[in-house]
Amino acid sequence: MASSARVRALLWVAVMLPVLCAAFSEEKPTDQRVLVLLDDLALKSSHSIFFKSLTSRGYELDFKLADDSKLALQRYGEYLYDALILFAPSVEGQLGGNLDVAAILDFVDSGHDLILAADAHTSDVIRDIATECGVDFDEDTEAVVVDHINFAVQSESDHSLIVGDKLIDADVILGKDGIKGPVLFRGIAHSVNAASDLVVTVLSASPSAFSATPNAVMTAPPALTGTSISLVSVVQARNNARILISGSLDLFSDKSASGNEQLALELSKWTFHERGHLKAVNVHHQKVGEKDEPAMYRITDQLEYSVEIHEWTGKEWRPYQADDVQVQFYMMSPYVLKTMDHNGKGLYHTSFQVPDVYGVFQFKVEYKKLGYTSLTLSKQIPVRPFRHNEYERFIKAAYPYYGGAFSMMTGFFVFGIVFLYHK
């Protein structure tokens with residue numbers, strides 16, 4: 001039995017090795033293998049435009065029912081997928097196989113991406129996943145977003161099909177061309193923590209919207225109202241894993257407006273790292289006029305620091321251009337903080353003088369910008385004082401003291417002559 005198990009394991013490795021090698025990597029960060037969990041396999045046809053847009057861009061989609069007893073995200077310690085699409089808002093109880101909230105969160109914590117869509121019948125397990133990601137759906141399980149002013153003609157009865165136009169101003173998330181058509185939304189509201197720098201609202205409701213049960217008499221003010229209602233949000237974790245959370249599954253369906261199709265397309269590009277993924281290479285520092293990196297610097301040395309930053313476009317790496325990349329020369333706190341210049345080809349550089357303080361310093365680049373993966377670079381370097389034979393023989397600041405000493409000696413010599421020989 002043990003030998004047959006080892007044979008099966010070796011066969012699995014042999015079959016999966018080419019797939020694993022082609023998966024998410026720093027040289028090609030775009031996700032490749034995507035697990036799609038559905039409430040009903042009929043969603044494959046009702047949301048076919050969205051799924052075809054993924055396959056046309058090279059993604060391998062594996063469709064499974066959310067309650068499939070054979071579901072697994074990893075095998076023999078290796079993840080089988082690079083990303084997860086969870087289009088199963090009404091799945092009851094636990095997901096199939098060994099999938100649960102903890103397993104999905106571990107999947108994200110390992111640097112993998114997630115797209116989650118909800119609707120008016122969202123189950124507790126989907127709500128729990130969203131809550132752990134920093135998004136809280138309305139606690140009223142029967143409430144949906146209603147807007148009596150900005151609603152689509154198709155929803156004249158209950159005004160629950162609303163028109164959303166409050167989109168985030170971020171080209172890296174929505175694309176340079178922006179969203180051209182109207183975005184129609186039918187689903188549930190959620191809120192995000194305004195103090196969090198990880199969760200960002202992409203599409204919010206209009207000031208006249210509120211979250212309530214359609215056509216029901218309201219006995220208390222709604223919990224979520226106006227622009228505080230988030231309809232679609234994204235999360236970029238500290239490990240650069242990306243999450244897309246939508247309160248509407250219909251947002252991705254074929255029957256939605258053209259704006260919905262474009263929004264779903266652009267958000268999937270961002271979520272799967274086709275945009276806004278940065279990498280830094282060729283980090284280098286040296287004394288001005290030299291080429292080799294020294295083992296240490298001396299106080300007041302003039303040095304140069306450079307790094308190349310590139311952005312992944314979905315197909316290739318291109319030079320990243322920005323005017324807000326800074327480097328710190330750091331020991332307990334920044335002694336030097338400088339914004340680096342760039343040559344338009346991805347090379348960032350600057351020069352500065354080493355502080356007149358010796359110790360163990362670090363070159364630090366901590367770059368965080370909305371929609372882009374964060375860059376954290378750190379390189380340690382010691383700084384020494386002058387050696388005894390490196391100090392100037394005569395210090396300019398001491399010239400007055402030198403003059404005072406010599407003038408005293410001269411005065412004493414003159415006084416001695418006068419005192420001895422004057423009659």
For Val36, what residues show an amide H to amide H distance below 5 Å, using hydrogens built from the backbone and excluding near sequence neighbours? Asp62, Phe63, Lys64, Ile85
Dipole of the chain (Lys/Arg Cβ +1, Asp/Glu Cβ -1, origin at the Cα centre): which of Ser268, Ser45, Gln286 lies farthest to the positive side? Gln286
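Within segment 277-384, what percent of beta bridges assigned by DSSP are antiparallel, to the nearest 5? Intermediate results must be reported in sequence, preceding the final value.
Working: 39 of 41 bridges.
In segment 277-384, approximately 95 percent of DSSP beta bridges are antiparallel ones.
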List every residue whose amide H lies under 5 Å from the amide H of Thr213, counting only residues 5 or more places away in sequence or on a different chain, with H placed 1.01 Å from N in the peptide plane. Val144
Rounded to the nearest 5, the percent of antiparallel DSSP beta bridges in the chain equals 75
Loop trypsin sites (Lys or Arg not before Pro), segment 309-364, which have at most 12 other Cβ atoms in a 10 Å radius of their Cβ (DSSP): Lys315, Lys345
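Could you work out the local net charge near Lys287, counting Lys and Arg as +1, Asp and Glu as -1, over the other residues with Cβ closer than 11 Å to its Cβ?
Values: positive: Lys291, Arg298; negative: Glu290, Asp292, Glu293, Asp301, Glu304.
Computed value for this residue: -3.
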Please give the helix 2-21 orientation as an angle from the longest Cα principal axis of the chain, in degrees from 0 to 90, rounded to the nearest 10. 70
Give the Cα extents of segment 277-384 along the principal axes, in whole Å, largest first. 46, 28, 20
Among Glu142, Glu392, Glu308, which one shows the highest mean-square fluctuation when the chain is modelled as a Gaussian network with alpha-carbon springs under 10 Å? Glu392
Give me Rg/Rg_expected for segment 33-272, where Rg uses Cα atoms only and Rg_expected = 2.2 N^0.38 Å with N residues. 0.97
Whole-Hz ³J(HN,Hα) for each residue in segment 164-172, computed from phi via Karplus 6.51 cos²θ - 1.76 cosθ + 1.60 with θ = phi - 60°, x for glycine and proline: what do you get? x, 9, 8, 9, 5, 8, 8, 4, 5
Under the 0.36 nm per residue contour assumption, what length would be gained going from the current alpha-carbon distance of Ala195 and Lys255 to full extension? 18.0 nm
0 to 90° range, to nearest 10: angle between helix 399-421 axis and the chain longest Cα axis: 10
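Mean projection of the alpha-carbon convex hull of segment 137-194 over all orientations, in nm²? Don't skip to the end; give the middle numbers.
Details: hull surface 21.1 nm².
So the mean shadow area of the Cα hull is 5.3 nm².
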Counting DSSP beta bridges in segment 33-272, what percent are antiparallel, to the nearest 5? 60
Apply the Karplus curve 6.51 cos²θ - 1.76 cosθ + 1.60, θ = phi - 60°, to the phi angles in segment 321-337 and return the couplings in whole Hz, x for Gly and Pro. 10, 7, 10, 10, 8, 10, 10, 10, 9, 10, 8, 6, 7, x, 7, 9, 9
One finds the C-alpha centres of segment 227-298 and segment 56-74 to be spaced, in Å, by 23
Would you mind checking the pairs Lys291/Lys364; Lys255/Lys368; Lys44/Lys180; Lys52/Lys364; Lys64/Lys369; Lys345/Lys379 and listing those with alpha carbons more than 31 angstrom apart? Lys255/Lys368; Lys52/Lys364; Lys64/Lys369
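Taking the solvent-accessible surface of protein heavy atoms with a 1.4 Å probe, what is the per residue accessible area of segment 291-344 in Å²?
Values: 3070 Å² over 54 residues.
On a per-residue basis, 57 Å².
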For segment 359-423, the per residue accessible area (1.4 Å probe, Å²) is 82
Degrees between helix 258-271 axis and first principal axis of the chain (Cα, 0 to 90, nearest 10): 50
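What accessible area per residue, rounded to a whole number of Å², is obtained for segment 33-272 using a probe radius of 1.4 Å? Provide the component values of the computation, followed by the final result.
Numbers: 10290 Å² over 240 residues.
Ligands and nucleic acids excluded, the figure is 43 Å² per residue.
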For the chain, with all protein chains present and a 1.4 Å probe, just round the carbon and sulfur fraction of the accessible area to a whole percent. 54
As an exercise, take the mean of 1/r over every pair of distinct alpha carbons in segment 90-205, invert it, and state the Kirkwood radius in angstroms. 16.2
Output wanted: per-residue J couplings in Hz (rounded whole) for segment 138-154, from phi through Karplus 6.51 cos²θ - 1.76 cosθ + 1.60, θ = phi - 60°, x for Gly and Pro. 4, 5, 6, 6, 9, 7, 10, 7, 10, 9, 7, 10, 9, 10, 7, 4, 5
Straight distance only, please: which aspartates and glutamates reach the Cα of Lys176 with their own Cα at less than 20 Å, same-chain residues fewer than 8 apart left out? Asp165, Glu261, Glu266, Glu274, Glu311, Glu316, Asp323, Asp324
Cα centroids of segment 321-399 and segment 152-192: how far apart, whole angstrom? 45
The chain: calculated mean residue ellipticity at 222 nm from DSSP helix runs of at least 4, using -39500 (n - 2.57): -6500 deg cm²/dmol
Mind listing the Cα extents of the chain along all three principal axes, in Å, largest one first? 127, 67, 36
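The values are calculated or read from the model by the stated rules, or taken from the named source; none is laboratory data. This structure is a prediction, so every number in the text was calculated from the model and none was measured. Cβ sites come from the backbone with ideal geometry, for glycine too, and all protein chains shown count toward neighbours. Ligands, DNA and RNA are excluded from the accessible area calculation, which covers all protein heavy atoms including side chains. Shrake-Rupley method; radii C 1.70, N 1.55, O 1.52, S 1.80 Å.
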